[in-house]
Amino acid sequence: MSGASQAARQAFAPNWGARLGLLALALYSLYAMAQLDITWDRLLIGFGEAGRFLARMWPPNFERWELLIEGLLESIQIAVLASALGILLSLPLGLMAARNLAPTLLTAPTRAFIALCRSLHYVIVAILFVKAIGFGALAGVAALTIASMGFIAKLFAEAIEEISMKQVEAIRATGAGFGAVLLYGVLPQVASRFTGFCLYQLDSNLRNSTLVGIVGAGGIGGTLFAAFKRFDYDFVAAILLSIIALIFLAEVISARIRAAMQ
């Protein structure tokens, strides 16, 4: 009996390392709040200002619907172009980064390039392209293309590394070339996952295309930023509601596509 109770005590023994870690995290959080001047009084003032701000946004003003539609269409065009270019460029990158298909001399620099594409936030990349090629949708397309390449190529390479090599070896045994091996041995095993990656990236680019416009890279974000600067908050509300509706519509369409492909 004493042995069983001792085993029970050992099974439910307190994890002092985890407790000390949580205590250290709590103490550092309090220290960080003090350094950043985050106080309850400031939060109360912020809640009051937020209420007045939301009151100025209601009711939404859709009178300038032509400007609103123009910005939304530009954002959709940026998202579709960036997704298409990112997907096309991610296909060879993912194949070259897969360690079960390509040699290390090829996978190492390819993975480094993919990591470089993912290292900077797309807004920072958009700022760089705005400075390099000027204001407009081209900078937004270029920035979101880089972001799409970093995301899709990484996931595509990981999906290829998880495939069964038996099918690949069987096709190689027939004397098929590299292209036939990819077409009949690799792509059928990753096609559904790759389609899911592409749909997710298109949905993500629709959201991101509304943000890059704030830094001058085209889209509805530029219209939103201009409305904020003019204190035109009722038009801001109309823009935000339109963006939310666009994202919901894209989610419904992507869900239908996924369901049709299953």
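The values are calculated or read from the model by the stated rules, or taken from the named source; none is laboratory data. Everything quoted here is computed from the prediction, not taken from an experiment. In this analysis, Cβ positions are derived from the backbone assuming ideal geometry, glycine residues included, and neighbour counts consider all displayed protein chains. In case anyone asks, the SASA skips ligands and DNA or RNA and just uses the protein heavy atoms, side chains included. Shrake-Rupley method; radii C 1.70, N 1.55, O 1.52, S 1.80 Å.
A few comments on the model shown:
- Taken together, Phe231, Phe225 contain a single residue that is over 21 Å from the mean Cα position of the chain (by Cα) and outside any helix (DSSP H, G or I), which is Phe231.
- When we screen Val123, Val80, Val130 for residues that are surrounded by 13 or more Cβ atoms within 10 Å (Cβ to Cβ), touching a Gly at 6+ places or on another chain (Cβ under 6 Å) and either assigned to a helix (DSSP H, G or I) or not assigned by TED's automatic domain parsing to the domain that holds Ile163 (or both), the only hit is Val130.
- The one condition in (1) in a helix (DSSP H, G or I); (2) open to solvent by less than 40 Å² (accessible area, probe 1.4 Å) that Arg207 fails to fulfil: (2)
- In segment 138-149 there is no residue matching the filter, namely being free of Cβ contacts under 8 Å to residues at least 24 places away in the same chain, hydroxyl-bearing (Ser, Thr, Tyr) and part of a helix (DSSP H, G or I).
- Selection from segment 29-52 of residues that are within 29 Å of the chain's Cα centre (by Cα), open to solvent by less than 70 Å² (accessible area, probe 1.4 Å) and modelled with pLDDT under 85: Ala50
- Selection status of Thr195, open to solvent by less than 70 Å² (accessible area, probe 1.4 Å), more than 28 Å from Leu54 (Cβ to Cβ) and within 18 Å of the chain's Cα centre (by Cα): yes
- Looking across segment 175-192, just one residue is within 30 Å of Gly140 (Cβ to Cβ) and surrounded by 16 or more Cβ atoms within 10 Å (Cβ to Cβ), and that is Val190.
- Index of the failed condition, Ser164 passing every other in (1) among the small types (Gly, Ala, Ser); (2) open to solvent by 10 Å² or more (accessible area, probe 1.4 Å); (3) over 21 Å from Ser75 (Cβ atoms); (4) in contact (Cβ under 8 Å) with a residue 40 or more places away in the chain: (4)
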